[in-house]
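The values are calculated or read from the model by the stated rules, or taken from the named source; none is laboratory data. Every value quoted in this text rests on a predicted model; they were computed, and no experiment measured them. In this analysis, Cβ positions are derived from the backbone assuming ideal geometry, glycine residues included, and neighbour counts consider all displayed protein chains.
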Ligand SMILES: Cc1cc2nc3c(=O)[nH]c(=O)nc-3n(C[C@H](O)[C@H](O)[C@H](O)COP(=O)(O)OP(=O)(O)OC[C@H]3O[C@@H](n4cnc5c(N)ncnc54)[C@H](O)[C@@H]3O)c2cc1C
């Protein structure tokens, strides 16, 4: 073995995994076919739990030094009522950011290197090497074989390691929403603004360099119609929110449109000699902007499990199965909530009644914002006890 750990992919799941394991003293090789800085298909809101992870890792100051605009308020405009609030703090952090991936991913790659990981950029992993006993032994790239005690795939939605090991998949979801985004200068926003209309969703958030990211979703069943005239449909959809359309009319579009749609899955994230972090192991529609935060928390969970195993505290199966169990317990309620939101169907009457009722008290609006930020479990917010409390307080108000 010439490495303890090989990580395939060095963006928001791979670099933190490599960094955290290198900080523990392991010999880590991270490989990415991309070079950094570089962009990727993704908007980039990171909620409080993700920002709290950056702070735990000592990287939050680096992010704030890039002058990315902090987001302290979230709003959800449903047309006839608006929920506006602030997330509950997570480890003392109650702010979100939407840093450009060109800046964020480079920062993470640099941190992995500083921690002692070897990061090879511009190198494609051509093959995952699997032994006759079914154990993943390493990878082949640039005609060279590299071996490790475990190969961690952080290689995104089209993971090559997944193709090689075919992990069990569950909770599968089809593509639900077709999202498109671009950037504007001269477009002021009040934090993260969301506008929900029947069959349409619009969001905007401030990022770097005086730019605002504006993203729009149509149901996936209408993707063909949307793509037939992206710009025309984008600007026509804005007219559903005249106040926003007016703001945009005074702003300037600074980038071409980018977009796409993704299906959802959970995968068993480990096996004999391999593990999956980030989208490779768990993917969902981007409507609630969980992917980067999930990638960070997954990197932490996986790195901790691998450390417990390599450090001799637990055997491999025990360490990795605990991480798997914890990951699923953390993400499944949000996965279901996200998939529901991504249908872009108007909320059913009982849900609309509940959401409208939250506007009676700031505390309830903050709680809904906290669900979206990941600071409060949807299971808790939508529990019978909480729903009863919100409805009773609203009718008493
Ligand atoms: C339209 C859209 C909008 C989104 N908006 C948000 C949002 O607002 N907030 C949020 O939190 N999340 C968002 N997401 C989700 C987020 O982008 C992903 O969850 C996140 O990028 C996953 O990170 P990752 O590191 O797992 O994979 P990726 O970011 O996909 O990185 C995988 C890396 O692996 C490398 N790689 C792959 N194969 C190989 C190989 N064979 N050899 C070498 N390198 C390889 C690639 O080059 C790439 O750099 C959005 C996604 C989409 C599609």
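Structure above, values below:
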item	result
Among residues of segment 277-297, those that are touching a strand residue (DSSP E or B) at 6+ places or on another chain (Cβ under 7 Å) and either within 20 Å of residue 6 (Cα to Cα) or assigned to a helix (DSSP H, G or I) (or both), counted	9
Candidate set: segment 131-149, residues that are in contact with a helix residue (DSSP H, G or I) (Cβ under 9 Å, 6 or more places away or on another chain) and in a strand (DSSP E or B); chosen: the one surrounded by the fewest Cβ atoms within 10 Å (Cβ to Cβ)	149
Qualifying residue in segment 150-157 (condition: surrounded by fewer than 20 Cβ atoms within 10 Å (Cβ to Cβ), part of a loop (DSSP other than H, G, I, E, B), outside the structural domain of residue 306 (by TED's automatic domain parsing) and within 24 Å of the chain's Cα centre (by Cα))	no
Top-ranked residue in segment 233-270 [being surrounded by fewer than 19 Cβ atoms within 10 Å (Cβ to Cβ) and closer than 30 Å to residue 134 by Cα; ranked as nearest to the ligand (Cβ to nearest atom)]	263
Pairs where the first residue, in segment 49-64, is outside the structural domain of residue 330 (by TED's automatic domain parsing) and the second is away from the ligand (no atom under 15 Å from the Cβ) and assigned to a helix (DSSP H, G or I), C-beta under 7 Å, 6+ apart	51/60; 54/60
Subset of segment 154-169 (residues that are near the ligand (Cβ under 8 Å from one of its atoms) and touching a helix residue (DSSP H, G or I) at 6+ places or on another chain (Cβ under 8 Å))	154, 155, 156, 157, 159
Lone qualifier among 313, 290, 253 - being assigned by TED's automatic domain parsing to the domain that holds residue 30 and out of contact with any helix residue (DSSP H, G or I) (no Cβ under 7 Å at 6 or more places or on another chain)	313
Residue match in segment 132-146 (condition: under 20 Å from the mean Cα position of the chain (by Cα), over 20 Å from residue 17 (Cα atoms) and either in contact (Cβ under 8 Å) with a residue 60 or more places away in the chain or more than 15 Å from the ligand (Cβ to nearest atom) (or both))	no
Condition met for residue 300 (under 20 Å from residue 3 (Cα atoms), part of a helix (DSSP H, G or I) and within 16 Å of the ligand (Cβ to nearest atom))	yes
Residue 314 modelled with pLDDT of 95 or more, within 13 Å of residue 152 (Cβ to Cβ), away from the ligand (no atom under 16 Å from the Cβ) and surrounded by fewer than 21 Cβ atoms within 10 Å (Cβ to Cβ)	no
Count - residues of segment 39-51 that are within 10 Å of the ligand (Cβ to nearest atom), closer than 21 Å to residue 261 by Cα and out of contact with any strand residue (DSSP E or B) (no Cβ under 7 Å at 6 or more places or on another chain)	3
